[in-house]
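Visitor: This is the structure I want to talk about, given as structure tokens.
The values are calculated or read from the model by the stated rules, or taken from the named source; none is laboratory data. Bear in mind that the values here come from a model prediction, so they are computed numbers and not experimental data. Counting neighbours? That spans all protein chains shown, and the Cβs are built from the backbone with ideal geometry, glycine included.
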Amino acid sequence: MTVLAYLIPVSLTLGAVGLLGFVYTVRSNQYDDPEGDSRRILSEDWDDHPRP
């Protein structure tokens, strides 16, 4: 039972760190355009390897 006294605070701390990391990424607008990359990859307007 003493193991639970260590594991519960550790798991709560790790969960809080993960939640804080997620909130930070949401507030820094990293999920601003989730569909843009999927549309850009299918577009032929920008070609990284043009023909010589």
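Visitor: Tally up the residues in segment 3-29 that are surrounded by 10 or more Cβ atoms within 10 Å (Cβ to Cβ) and at pLDDT below 95, please.
Guide: Residues meeting the conditions: 2.
Visitor: Please enumerate the residues belonging to segment 1-44 that are of a type in the set (Gly, Ala, Ser) and either outside any helix (DSSP H, G or I) or at positive phi (or both).
Guide: Residues satisfying the conditions are Ser28, Ser43.
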